[in-house]
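Reviewing the structure listed below.
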Amino acid sequence: MLLSDLNFPTLNALKPVEIVIAEASRALKDQHRVISSSEIANVLRATRQITAEADISFRAIYAYGTGKSSNPEEYIPPEDVGSTFVGSHLPYLASGPIEGLLALVGSIFFLVFRRKKIKQKEQNLYAQAIAKEKSLREQLQLEAGASQERIDYLKSILVLLTYALKELKQDLTVL
């Protein structure tokens, strides 16, 4: 599978997952926290509009909620500086066969090293997200009598974490 086929092809693409995990931590610590007090309020509101059966990606939901997309099912291309640089500049860097081979080996090394770093980060985030998801499910049961706004807040974060976990798991099963 190519990096472009991954759900999170760059370290930068994992930032929204980190933000959602941080929001889950805040939700578990502050029992008065609701959607309106969240830094990602628009993302959480957008999540409430998504049905559980929707075949949509975590990144699409997050982009729709942050206003980077007008359609939640629209694909947002990753910011992939490395492959753009290698693909567009490799022919100019390689004036001879030796230089071309060195440039090719260097770009392959770069891509392998980058994928390894991404996979380590994904494993770490996956473990954190699993723990937060379990804690949120328990918190929802404990706060069954809480305000509807609080319940919606916890459910929205749980839905986002579920989508993120599904996509992280897909990426981690790739060789």
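Just a few scattered comments:
- Every pair of residues 6+ apart whose Cβ atoms lie under 7 Å, when the first sits in segment 133-146 and is touching a residue at least 24 places away in the same chain (Cβ under 8 Å) and closer than 18 Å to LEU160 by Cα while the second is surrounded by 10 or more Cβ atoms within 10 Å (Cβ to Cβ) and of a type outside the set (A, V, I, L, M, F, W, C): GLU133/THR162
- Count - residues of segment 117-148 that are among the charged types (D, E, K, R) and over 20 Å from TYR62 (Cα atoms): 6
- For the residues LYS155, LYS134, the requirement of being under 20 Å from ARG45 (Cα atoms) and surrounded by fewer than 16 Cβ atoms within 10 Å (Cβ to Cβ) singles out LYS155.
- Hits in segment 17-46 - residues which are without any contact (Cβ under 8 Å) to a residue 60 or more places away in the chain, part of a helix (DSSP H, G or I) and either over 26 Å from GLU138 (Cβ atoms) or not aliphatic (A, V, I, L, M) (or both): ARG26, LYS29, SER37, ASN42
- Residue count, segment 103-127 (criterion: over 13 Å from the mean Cα position of the chain (by Cα) and touching a residue at least 12 places away in the same chain (Cβ under 8 Å)): 8
Where a number appears in this text, it was derived from the coordinates with a stated rule and is not lab data. It should be emphasised that the depicted structure is a prediction, and the values quoted were computed from it without experimental measurement. Every residue, glycine as well, gets a Cβ built from its backbone with ideal geometry; the counts of neighbours run over all protein chains shown.
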